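Enquirer: Handing you a structure now.
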Amino acid sequence: MNRYDPNPFADEEVNPFANPGGGGVAPANPRLSPLPPEPYDRNATIDIPLDNSKGLQAKEKELKAKEAELKKREQELKRKEDAIQRAGVVIEEKNWPPFFPIIHHDIANEIPIHLQRIQYVAFTTYLGLIVCLLWNFLAVTVAWIKGEGVIIWLLAIIYFLASVPVAYFVWYRPLYRAMRTDSALSFVGFFLSYLLHILFCIYAAIAPPIFLKGKSITGILPAIELLSYNVSVGILYLIGFGLYVCETLLSIWVIQQVYTYFRGSGKAEQVKREAARSTMMAGNVKWRKPMDFG
């Protein structure tokens, strides 16, 4: 390169000093792209919310208020449960039978251990009554099919549907309550109703043709009659007779054991005292004269 060369970039492909229009400084190369604009204004201000702490405080107060309300409700519920327990009201949860709970039944946890055996046997008599009535229905159904008439079949259905719930609420439930609470009055109610249960079992075992149509119950008398001309149905009735006999004997054992405990625990004397007190109070009310304020 010559030192005195007036244009040292003459041989370059791009001459920044070239000025095709005349002298002076050449303009910038038009092929250079401009710089992209900045994404944001550097001088712009960013708004930062200053009330975040206030919002957190408000949420905290709201949560504390809800927690206080829940505690208040828990205390109120606990107070009601305590009041119910003091009043002697027991909240019972249905738990039997396990596959379809319809009643509350928990001998192991609610009945005193020295009374559990009697209660279990009493419960067996209740289940035994269900078995007797169910077998009675099946045997009478066969007798109806063999030509004994539809009336006895309808009566067998009525016996089953009526006796099962009545037996539970009339004598088994009072015994369960008496064993659990040691209530003398509950024992008295059980004795009266359970005697009727035993009388029904005796009547069903014999099945005399009075009050009700004889062949609607699988007793010994209809069984003997059926054996004379229909052996298969007569055998079914004999089995029913045996079931009623077993139910009667087991029920007699239960009432004897319950009565022995009732007498030995002093409940009989308690009932006598309460009956005498009630009689005296009734007599005083009857013979009390109105006061004369004249």
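Values in this text are rule-based calculations from the coordinates and carry no lab data. Worth saying up front: this structure is predicted, and the values here are computed from it rather than measured. All Cβ positions, even for glycine, are placed from backbone atoms using ideal geometry, and neighbour counts span all protein chains on display.
Enquirer: Binned at 5 Å from 0, what are the whole-percent values of the Cα-Cα distance distribution for the range 97-142, short to long?
Expert: 5, 18, 16, 22, 16, 11, 6, 4, 2
Enquirer: Across bins of 10 angstrom width beginning at 0, how are the C-alpha pair distances of the range 132-241 distributed, in whole percent?
Expert: Once binned at 10 Å, the Cα pair distances of the range 132-241 give 15, 40, 23, 15, 6, 0.
Enquirer: How large is the convex hull of the C-alpha atoms of the range 125-183 per residue, in Å³?
Expert: About 54 Å³ per residue, rounded to a whole number.
Enquirer: Using the Kirkwood radius built from alpha carbon pairs, what does the Stokes-Einstein equation give as D for the range 158-216 at 4 °C and 1.567 mPa s, in µm² per second?
Expert: My calculation gives 103 µm²/s for D.
Enquirer: How high is the relative contact order of the range 154-270? Use alpha-carbon pairs under 8 Å, at least six apart in sequence, and give a whole percent.
Expert: Relative contact order comes out at 20 percent.
Enquirer: Taking the radius of gyration and the Kirkwood hydrodynamic radius from Cα positions alone, what is the Rg/Rh ratio for the range 55-171, to two decimal places?
Expert: On the way: Rg = 25.6 Å, Rh = 19.4 Å.
Radius of gyration relative to Kirkwood radius: 1.32.
Enquirer: If R₀ is 41 angstrom, what is the calculated FRET efficiency for the pair R263 and I224, using the beta carbon separation as r and rounding to 0.05?
Expert: According to the calculation, E is roughly 0.50.
Enquirer: Rg/Rh for the range 193-265 to two decimals, with Rh computed the Kirkwood way over all alpha-carbon pairs.
Expert: Ratio of gyration radius to Kirkwood radius: 1.14.
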